[in-house]
Structures are given as C-alpha cells and as structure tokens.
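Student: This is the structure I have questions about; it appears just below.
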Amino acid sequence: MRELRNWLAVLALLATAAALVTVAFQGAGRAPELSSRFQAVALANGQVYFGRIEGLASDYPVLRDVFYIQARQNPETKEVANVLIKRGAEAHGPDRMLLSRQQIVLIEPVKDDSQIGRLIAEQIKSR
C-alpha cells in the first residue's frame, strides 16, 4: 500500500511538471494582450510605475505617459499623503521609459474607474 502511495505521488508530481511546462511554452514568443488603457509595472528594484506599455515582445518595452506615486509630508501637520507624479519634469525631461524586460516583475491593468485610473485621467486632461 505504501509503494502505491509513493508511486501515485510521483505520478502527480510528473503530471504537475508536465502541465507547468505546457503552460510555459504555450505563450512563448507572444506578448500578452493588454486590455486596459494603462498598466501598473513593477520592477525588480521595487519601483512601480504606471503608464502605457508597448513592445512587450521586445527586450526593451517602452512605457509612455509615465506616472509614479510619491509620499509627501505636510510640514505643518506632519501628515503623509501619497501623490501621483507625472514623469517629465525632471532635469533631463524624459518623455518615455525604456525598460529591460528582464527587470519587469509584473504588469497589472489599471482600471479607468480605479483611484489611480481617475488620477491619471485628470492629469492628462489638464495638459
């Protein structure tokens, strides 16, 4: 009976491994489809940016209309608030970010009706 359980456990592991390999290679070479207007992009260094990502199949996808969240403290009340900042006002005036695909940890959709989605829409309208 014990041998049968061990044998079944080995079969289950092999089936799981085969399923993982199949899933990994099913989409190989194809970029995922992005259905939202903006995406959240988390990088290996812990930074998160929001924007429109293009060229996911390339080694260096491009992030346009880039935003990030910065914590700011009110000097009078000492209260900390998160603020959405549009990249581009920096000294070098970047208009996009070229990302190393190897440094991208995850990409998530930003819904238009989410808090971030609404803040991005407001900032784009005010340009």
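Student: Kindly provide the set of residues from the stretch 56-86 that are assigned to a loop (DSSP other than H, G, I, E, B) and in contact (Cβ under 8 Å) with a residue 24 or more places away in the chain, ordered by number.
Tutor: Answer for the stretch 56-86, where residues must be assigned to a loop (DSSP other than H, G, I, E, B) and in contact (Cβ under 8 Å) with a residue 24 or more places away in the chain: L56, A57, S58, D59, Y60, P61.
Student: If K111 satisfies all but one of (1) modelled with pLDDT under 95; (2) of a type in the set (K, R); (3) surrounded by 10 or more Cβ atoms within 10 Å (Cβ to Cβ), what's the number of the condition it fails?
Tutor: Failed condition: (1).
Student: Quick one: count up the residues across the stretch 49-61 that are surrounded by fewer than 16 Cβ atoms within 10 Å (Cβ to Cβ) and not small (G, A, S).
Tutor: 3
Student: Being more than 20 Å from the chain's Cα centre (by Cα), of a type outside the set (A, V, I, L, M) and outside any strand (DSSP E or B): is that true of G117 here?
Tutor: no
Student: Listed residues R64, R72, R96, R87; which is farther than 18 Å from L119 by Cα and surrounded by 10 or more Cβ atoms within 10 Å (Cβ to Cβ)?
Tutor: On inspection, the qualifying residue turns out to be R96.
The values are calculated or read from the model by the stated rules, or taken from the named source; none is laboratory data. What you see is a predicted model, and the numbers here were worked out from it, not measured in a lab. Glycine gets a Cβ as well: all are built from the backbone with ideal geometry, and neighbour counts include every protein chain shown.
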